[in-house]
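Just below is one structure, and these are the notes that go with it.
Any read-out appearing in this document is the output of simple, stated calculations on the displayed coordinates, not a laboratory observation. Since the model is a prediction, treat every value here as computed from it, not as a measurement. All Cβ positions, even for glycine, are placed from backbone atoms using ideal geometry, and neighbour counts span all protein chains on display.
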Amino acid sequence: MNKLIKQSGLILTTLGLFVGCGVNNVVIDGSFPTPNVSKMPVSIAVYYDDALREFAYLEYSETGSEEYNIQSGASHIQLFDAITPAMFDRVVFVDSMEEAQAAGVDAVFAPAIEEFQLALPAKTKLDVFEVWIKYNMRLLTPEGEYIADWVLTSYGKTPTETFRSVDAAINDAAVVALRDLASSFSLSFGDVPEVKEWLSTQ
Amino acid sequence: MTSLHFLSFLSRGLGLMTFAVMASCTSTTVDEFRQGETGITSEEAVVVLGRRQASDYETRSEFVECVGDRMARGDNAIRIVPEQEFVDAMFPWFEPRTAPLRTQDLEKLMSEEVVADKMGDFGIRYIVWVDGFTETSGRTGSISCTVGPGGAGCFGFGTWEDDSNFDARIWDVGSLKNVGTINTDASGQSYLPALVIPIPLIARVEANACSRLADQLKEFVNGG
């Protein structure tokens, strides 16, 4: 029995050491202001799928091992929660497309992340941390048919600083990228041809 | 202590002091180009913003804050709106990708009711756009440190040069015109001699660029 406890302890300690030397988890955390834009006279349901809610990006080192696990799903939801009520007359947040149909809205907005890229100074030899994100913005009818489907990219960078950790710099660059997304989304939404056409019918 | 030892100690001290004074020296040049009349009342304010459009560098927010803080102090102090507070309140109009690059863009932006209202709420009379960075070059020398049973110590010498170059463009929100540009260029050599203990003799290049730029901006905005 004692031998078993000792062996388990040894395995756990070894595992702990391996975990300690493994991937760095970076949970993106920032605050996002409400945009100062004119509200569009439509009611929108906002639906976040599981892929967006749990979005995480893994950055690998040059030797192929997992280096950074960047979790940005929650911050994306926080961002869309802040900007959509400022853009549309009525906004309801739903957990499923069925719920959206029952909410009696004009359309359903369902954002998705297609690609996430991270550039670290150690690899690029530049004095900046950079984050680039590609989104697929989808505007659907309550029945689930496409009204518009467009690509939006966002970019954020932050300079290297002596007393700032890599985790903090990645977070800062990601927050700048999220703010960039919020600004381009809120300012360009009405200019997307399919959205423009749909808005004119509302 | 014999008189010979005392003289040797004194000369070493003097040598170190001269070295420190020389090391702390930076040369700063300020150029001003005025394109319009300026002046500000106590109800009006200035916002100092950093340009962040360049791909390979961005104006550090600490430098922008330093310029603003210095303009808000001393004689003829000016009311300064903090950069982050202004950018957040104006969101999304002053983000790196959406900020106006020319005064014509500002004119277009001011036609947005919400932007004009916020600008009025803050009482902004001038927007100062600061653009630039500090570059370190000419790193030479080496320092090695050792730890042993008898103690620890470093030996060697390092030196480098810092060069700060910042442009400040002043936009008059009333006339929607660029009323002037101030350029500050500061450079200085830093030294790091190590004889048991490393003694950093750092040239305060960016701090000097900040203080000279802020003083000149304050004078400029006040109409001096």
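Calculated over the range A:23-164, the projected area of the Cα convex hull averaged across directions stands at 10.0 nm². Just so you know, the Cα atoms of chain B work out to an Rg and Dmax of 23.0, 81 Å. Under a straight-distance cross-link criterion of Cα-Cα below 16 Å, which aspartates and glutamates are reachable from A:K123, leaving out those fewer than 8 residues away in the same chain? Answer for A:K123, where 16 Å is the Cα cut-off: A:E59, A:E62, A:E66, A:E67, A:D167, B:D56, listed by chain and number. In terms of distances greater than 19 angstrom between alpha carbons, the cross-link table entries B:K108/B:K177; A:K39/A:K134; A:K125/A:K157 yield A:K39/A:K134. Here chain B is treated with +1 on each Lys and Arg Cβ and -1 on each Asp and Glu Cβ, and its dipole about the Cα centre works out to around 860 debye.
Using equal-weight Cα scatterers in the Debye expression, the normalised intensity of the range B:72-174 in log10 at q = 0.12, 0.14, 0.24 Å⁻¹ is -0.61, -0.70, -1.36. For chain A, the longest principal axis of the Cα atoms and the long axis of helix A:73-87 meet at an angle of about 20 degrees. Protection proxy ranking, highest mean first, for peptides A:42-50, B:62-70: B:62-70, A:42-50, where packing is the per-residue count of other beta-carbon atoms within 10 Å, averaged.
Computed from Cα atoms, the angle from the helix B:3-23 axis to the main principal axis of chain B rounds to 20 degrees. Counting Cβ atoms of other protein chains within 10 Å of each Cβ in B:83-92 and taking the mean gives 4. Computed from label points 7 Å out along Cα-Cβ, the spacing between A:D81 and A:W150 is 2.7 nm. From most to least packed by mean Cβ count within 10 Å, the peptides B:207-219, A:104-116 give B:207-219, A:104-116. So what's the gap between the Cα centers of the range A:55-123 and the range A:146-197, to the nearest angstrom? Distance between centres, Cα-based: 11 Å.
Across q = 0.14, 0.16, 0.18 Å⁻¹, the range A:118-202 modelled as identical point scatterers on its alpha-carbon atoms has Debye log10 I(q)/I(0) values of -0.59, -0.68, -0.77, in the order of the q list. Taking Lys and Arg as +1 and Asp and Glu as -1, the other residues whose beta-carbon sits under 11 Å from that of B:A207 total 0. Of the beta bridges in chain B, as assigned by DSSP with both residues counted there, near 85 percent are antiparallel.
This model, with +1 at the C-beta of Lys and Arg and -1 at the C-beta of Asp and Glu, gives the protein assembly as shown a dipole about its Cα centre of some 1720 debye. Roughly what % of DSSP beta bridges within the protein assembly as shown run antiparallel, to the nearest 5? Antiparallel: roughly 80 percent of the beta bridges in the protein assembly as shown.
Cα convex hull, the range B:116-157: 169 Å³ per residue, rounded to a whole number. Compared with the dominant principal axis of the Cα atoms in chain B, helix B:113-122 is inclined by about 50°. Taking amide H as placed 1.01 Å from N in the peptide plane, the amide H of B:K177 sits under 5 Å from that of B:D172, each at least 5 places away or on another chain. Here the scattering of the range B:23-130 is modelled by Debye summation over its C-alpha atoms, one equal scatterer each and no solvent; at q = 0.14, 0.16, 0.17, 0.18 Å⁻¹ the log10 of I(q)/I(0) is -0.64, -0.84, -0.94, -1.05. The packing ranking, built from the mean of other Cβ atoms within 10 Å per residue, places the peptides A:192-199, B:160-167 in the order B:160-167, A:192-199, highest first.
Here the protein assembly as shown is treated as an ellipsoid with the same Cα gyration tensor; its semi-axes, largest first and in whole Å, are 47, 37, 15.
Positive-end ranking of A:S165, A:A107, A:Q117 along the dipole of the range A:106-166, with charges on Cβ about the Cα centre, is headed by A:S165.
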